[in-house]
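Participant: Structure incoming, see below.
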Amino acid sequence: MWTVLDDWHGVLGLRGSGSNSIRMEQATIPAYFTREAGLLDLPVEGGSVGSKLHGNPMYAGRAPSFFHAELAAIMIGTAYAAADEYARILAARPLTLEPDRTRSELHDYQRHLGEALGVIHTAQAALQHTADDWMQTCRRNVSGTAPFTVAEDNRLALVFLNAGRMAWDVLQGILFRTAGSRHARDGERMQRYFRDAATYWTHVGAGMAEPLARRVGCDRLGLPSDQIPLIP
């Protein structure tokens with residue numbers, strides 16, 4: 001018997017993420033269903049059971065970079081949603097001293113939106129290019145051309161993480177900050193986007209920024225990096 005626990009209740013954001021714990025009672029997991037391995041360093045050189053079973057090189061990729069790609073995709077999508085909401089707010093918000101005009105006509109707010117969109121587009125381009133790079137690395141790994149090394153994993157993961165960070169920076173630093181306090185209230189879309197993004201920023205993935213940067217630096221210097229823990 002297993003139960004999904006309601007231990008995600010009360011978290012600031014991402015409440016529908018499905019990151020709940022599972023409790024199993026009176027259950028036995030056969031030994032042949034288990035394996036002594038760390039999720040952050042599963043061996044995939046030359047392919048994996050999954051890539052052979054499904055005929056898809058995606059299953060022969062390293063986990064950390066894939067996880068960071070997922071997080072970056074969520075953050076960039078959230079930032080785009082916040083930009084849409086910001087545009088709606090500008091068009092609907094009359095000026096205090098000129099109620100026949102809206103904020104959308106003011107140069108500063110036009111610049112805020114354009115600057116945010118420019119960064120979000122850049123983050124998306126980095127995400128898509130690096131996702132293609134990740135798949136090519138998987139294909140080379142499966143074909144035996146070149147293994148999917150820890151150094152490749154570090155490089156790809158750091159680009160994905162930076163893309164997610166870019167989305168967070170413009171969401172909280174431009175869109176949420178200049179939308180106005182009335183849009184920080186409960187029930188407002190902008191508040192929800194900020195809460196979801198802030199929860200990402202507290203996630204263990206975002207916390208890997210410094211060790212990943214150190215790993216990439218060590219890889220470039222020819223120093224061992226795989227002993228630098230990703231999770232403190």
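The values are calculated or read from the model by the stated rules, or taken from the named source; none is laboratory data. Remember, it's a predicted structure, so these values are computed and weren't measured experimentally. Neighbour counts run over all protein chains shown; Cβ positions are idealised from the backbone, glycine included.
Participant: So, in segment 189-211, of the ones that are part of a helix (DSSP H, G or I) and without any contact (Cβ under 8 Å) to a residue 60 or more places away in the chain, which residue ends up nearest to the chain's Cα centre (by Cα)? So that I can check it myself, show each step before the final result.
Facilitator: So the first thing to find is which residues in segment 189-211 are part of a helix (DSSP H, G or I), and the list is 189-201, 206-211.
Within this subset, residues satisfying the condition of being without any contact (Cβ under 8 Å) to a residue 60 or more places away in the chain are 191, 201, 207, 209-211.
Values: Gln191: 19, Trp201: 9, Gly207: 12, Ala209: 12, Glu210: 16, Pro211: 17 Å.
The extreme case among them is Trp201.
Participant: Could you pull out the residue among Tyr80, Tyr32, Tyr59 that is at pLDDT 85 or above, hydroxyl-bearing (Ser, Thr, Tyr) and under 18 Å from the mean Cα position of the chain (by Cα)? Explain how you work it out, then say what you get.
Facilitator: Values: Tyr32 fails: under 18 Å from the mean Cα position of the chain (by Cα); Tyr59 fails: under 18 Å from the mean Cα position of the chain (by Cα).
It is Tyr80.
Participant: To continue, here is another question. Kindly evaluate Val159 against the criterion of being closer than 24 Å to Pro211 by Cα and of a type in the set (Val, Ile, Thr). Explain how you work it out, then say what you get.
Facilitator: Values: closer than 24 Å to Pro211 by Cα: yes; of a type in the set (Val, Ile, Thr): yes.
The answer is yes for Val159.
Participant: Could you say which residue among Arg111, Arg140 is basic (Lys, Arg), closer than 30 Å to Asp226 by Cα and free of Cβ contacts under 8 Å to residues at least 12 places away in the same chain?
Facilitator: Step by step, each of Arg111, Arg140 is checked, and only Arg140 is basic (Lys, Arg), closer than 30 Å to Asp226 by Cα and free of Cβ contacts under 8 Å to residues at least 12 places away in the same chain.
Participant: Looking only at residues in segment 1-25 that are of a type in the set (Ser, Thr, Tyr) and part of a loop (DSSP other than H, G, I, E, B), which one is nearest to Met75 (Cα to Cα)?
Facilitator: So the first thing to find is which residues in segment 1-25 are of a type in the set (Ser, Thr, Tyr), and the list is 3, 17, 19, 21.
The next check asks that each one be part of a loop (DSSP other than H, G, I, E, B); those that pass are 17, 19, 21.
Details: Ser17: 13, Ser19: 16, Ser21: 23 Å.
Checking each candidate, the answer is Ser17.
Participant: I need the full set of residues from segment 162-194 which are among the acidic types (Asp, Glu) and surrounded by 16 or more Cβ atoms within 10 Å (Cβ to Cβ), in order please. Write out each step before concluding.
Facilitator: Residues of segment 162-194 among the acidic types (Asp, Glu): 169, 186, 188.
Within segment 162-194, Asp169, Glu188 qualify.
Participant: Looking only at residues that are assigned to a helix (DSSP H, G or I) and not aromatic (Phe, Trp, Tyr) in segment 99-110, which one is surrounded by the most Cβ atoms within 10 Å (Cβ to Cβ)?
Facilitator: Arg103
Participant: Of the residues Leu53, Leu113, Leu117, which single one is over 25 Å from Asn162 (Cα atoms), of a type outside the set (Gly, Ala, Ser) and either touching a Phe, Trp or Tyr at 6+ places or on another chain (Cβ under 8 Å) or in a helix (DSSP H, G or I) (or both)? First the steps, then the outcome.
Facilitator: Working: Leu113 fails: over 25 Å from Asn162 (Cα atoms); Leu117 fails: over 25 Å from Asn162 (Cα atoms).
Unique residue meeting the criteria: Leu53.
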